[in-house]
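What follows is a single structure, written as structure tokens, with notes after it.
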Amino acid sequence: MKIKKGIPLIDQHDKNGFWGGKFGGNFIPETLKKPVEDLNILFEKLRKDKRFIKERDYYFKNWVGAPTPFIKLENLTSHLGGAQVWAKVVSEANGGAHKIYNATVHCLITKRAGKKYIVGDTGAGYAGKMLSMAAKKFGLKCKIFMGAKDIKRQKPNCDAMRKNGAEIVPVHSGSQTLVDAVSECMRYWVANCDSTAMCVGSTVGPNIFVKICGWSTAQISRELLQQIKNEFGEIPSKLKLINCVGGGSSAYGFWSEFMDYKKKQVEMIGVEAAGPKKSKLHAAPLSKGSKLGVLHGAASYVCQNSDGQIKETESISAGLDYPGVSPMHCFLKDAGRARYSSATDEEALEAYKLVTKYENLNPSLEPSHAFAEAIKIAPKLSNDTVIIVNSCGDAQKDRDILRKRLGKY
């Protein structure tokens with residue numbers, strides 16, 4: 001498998017929507033083929049429309065708050081020794097996470113399609129919170145599907161969704177987490193696609209949803225590329241971009257502008273959720289050797305049992321607690337362009353403690369997994385190595401979990 005230079009990764013699929021010939025695709029019921037094709041035609045038209053791009057950029061700047069900060073973590077760097085540790089603080093975006101880019105674009109597309117309703121899925125609550133914010137901003141009715149377990153552990157974001165006028169639909173089936181929320185959301189869209197648009201919260205699902213989400217979050221790396229050049233004058237010769245990976249939207253957005261650089265210069269590291277230290281359950285299909293499977297309309301590496309059924313996952317992080325992953329990350333793994341590791345719940349909590357002790361930063365449990373990897377490797381590297389972590393969400397939504405596990409927030 002090879003990555004083509006000069007072409008965005010979201011476009012490096014074949015005519016059937018597969019990256020590398022086997023990841024992605026469109027495993028959808030007959031009733032969804034026309035709505036998906038209509039959305040694909042509209043998106044391909046809009047992404048070339050200068051007025052639409054100008055509108056997107058206007059809201060990214062004046063409503064989302066682009067560009068988000070790029071800062072050196074001086075105290076953490078000094079404490080760890082070795083490599084320089086920096087952060088792209090995407091949590092400073094309106095609403096507190098990267099999900100706002102995808103939600104904004106989906107709502108703008110929905111308006112262009114002439115629809116008044118939009119539905120979405122959420123795990124950590126950020127995708128739902130951002131979609132409720134964007135729907136309110138653009139005058140759309142919004143419905144969010146969320147696992148009953150996640151509703152309990154992500155109460156602050158649920159309160160925000162309701163405040164924005166969204167209806168939260170609790171999902172009690174299966175593990176009552178993100179995987180089940182996505183399933184119920186898709187079932188609802190099948191029955192209501194004539195009047196309702198669907199926003200998939202990450203770079204997962206049928207091909208078109210992977211592309212829309214990736215096109216939206218690419219804003220992160222467009223900003224970062226310029227910020228790095230402004231800071232260093234050029235791209236450092238030893239650069240490591242570390243990002244947590246659940247579905248994989250923030251990681252793709254963080255990496256997209258750096259795909260053409262050689263791995264020796266720019267290494268991309270994705271960190272999955274290894275779950276509790278003493279548990280056999282995890283949410284790390286890429287780093288734990290999971291097999292190819294089909295989930296939510298696409299083929300990717302999926303956590304499965306011996307019978308090939310979707311296996312339950314476990315993670316302290318609701319946003320990473322998902323058995324599948326973006327087909328683009330599967331492609332990047334097999335092509336050897338990105339490296340994937342994992343961090344346990346305990347390692348993420350320790351990373352959160354260390355980052356908040358030394359820096360004025362409050363990363364959510366998702367990017368805390370990425371910080372765990374940075375903390376692990378920084379002392380082993382030279383000072384001319386630059387590590388950048390995408391701090392893609394703030395910990396406000398995790399305050400109850402952090403209070404329970406650490407005794408404070």
Problem - Residues located in segment 236-251, provided they are assigned to a loop (DSSP other than H, G, I, E, B) and surrounded by 15 or more Cβ atoms within 10 Å (Cβ to Cβ) - result: Pro236, Lys238, Val245, Gly246, Gly247, Gly248
Fill in the blank from the handout: When every residue in segment 342-397 that is among the small types (Gly, Ala, Ser) and not in a helix (DSSP H, G or I) is compared, the one farthest from Ala284 (Cα to Cα) is Ser382
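So for segment 286-309 (the condition being touching an Asp or Glu at 6+ places or on another chain (Cβ under 7 Å) and either of a type outside the set (Lys, Arg) or touching a residue at least 60 places away in the same chain (Cβ under 8 Å) (or both)), does at least one residue qualify? Even if it seems obvious, please write down each step before you answer.
We begin by selecting, within segment 286-309, every residue touching an Asp or Glu at 6+ places or on another chain (Cβ under 7 Å); these are 286-287.
Still in the running and either of a type outside the set (Lys, Arg) or touching a residue at least 60 places away in the same chain (Cβ under 8 Å) (or both): 286-287.
Checked segment 286-309: at least one residue is touching an Asp or Glu at 6+ places or on another chain (Cβ under 7 Å) and either of a type outside the set (Lys, Arg) or touching a residue at least 60 places away in the same chain (Cβ under 8 Å) (or both).
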Exercise for the section: Would you mind listing the strands (runs of 3 or more DSSP E) fully within segment 134-235 where at least 3 residues are in contact (Cβ under 8 Å) with a residue 60 or more places away in the chain, of a type in the set (A, V, I, L, M, F, W, C) and within 22 Å of Ile100 (Cβ to Cβ)? Expected result: 196-199
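Just to be sure, is Ile7 more than 30 Å from Asp194 (Cβ to Cβ), within 23 Å of the chain's Cα centre (by Cα), loosely packed, with under 12 Cβ neighbours inside 10 Å and of a type in the set (A, V, I, L, M, F, W, C)?
Numbers: more than 30 Å from Asp194 (Cβ to Cβ): yes; within 23 Å of the chain's Cα centre (by Cα): yes; loosely packed, with under 12 Cβ neighbours inside 10 Å: yes; of a type in the set (A, V, I, L, M, F, W, C): yes.
Yes; evaluated as a whole, the condition is true for this residue.
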Exercise for the section: Name the single residue, out of those in segment 65-105 being touching a residue at least 24 places away in the same chain (Cβ under 8 Å) and part of a strand (DSSP E or B), that is nearest to Cys213 (Cα to Cα). Expected result: Ala97
Handout entry: Residues that are assigned to a loop (DSSP other than H, G, I, E, B), of a type outside the set (Val, Ile, Thr) and either assigned by TED's automatic domain parsing to the domain that holds Leu292 or within 11 Å of Ile208 (Cβ to Cβ) (or both), drawn from segment 26-64
Key = Asn26
Handout entry: Single residue of segment 289-321 satisfying the filter (under 16 Å from the mean Cα position of the chain (by Cα) and of a type in the set (A, V, I, L, M, F, W, C)) that is modelled with the highest pLDDT
Key = Leu320
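Yes or no: Asp260 outside the structural domain of Gly205 (by TED's automatic domain parsing), acidic (Asp, Glu) and either at positive phi or touching a residue at least 24 places away in the same chain (Cβ under 8 Å) (or both)? Working first, answer last.
Working: outside the structural domain of Gly205 (by TED's automatic domain parsing): yes; acidic (Asp, Glu): yes; either at positive phi or touching a residue at least 24 places away in the same chain (Cβ under 8 Å) (or both): yes.
Yes: the conditions hold for Asp260.
Among the listed residues Leu131, Leu108, Leu178, identify the single one that is within 18 Å of the chain's Cα centre (by Cα), modelled with pLDDT of 95 or more and among the aliphatic types (A, V, I, L, M).
Values: Leu108 fails: within 18 Å of the chain's Cα centre (by Cα); Leu178 fails: modelled with pLDDT of 95 or more.
The unique qualifying residue is Leu131.
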Practice task
Check off (1) surrounded by 17 or more Cβ atoms within 10 Å (Cβ to Cβ); (2) part of a loop (DSSP other than H, G, I, E, B) for Met1 and give me the number that stays unchecked.
Solution key: (1)
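The values are calculated or read from the model by the stated rules, or taken from the named source; none is laboratory data. Everything quoted here is computed from the prediction, not taken from an experiment. Note: ideal-geometry Cβ built from the backbone for every residue, glycine included; neighbour counts use all protein chains shown.
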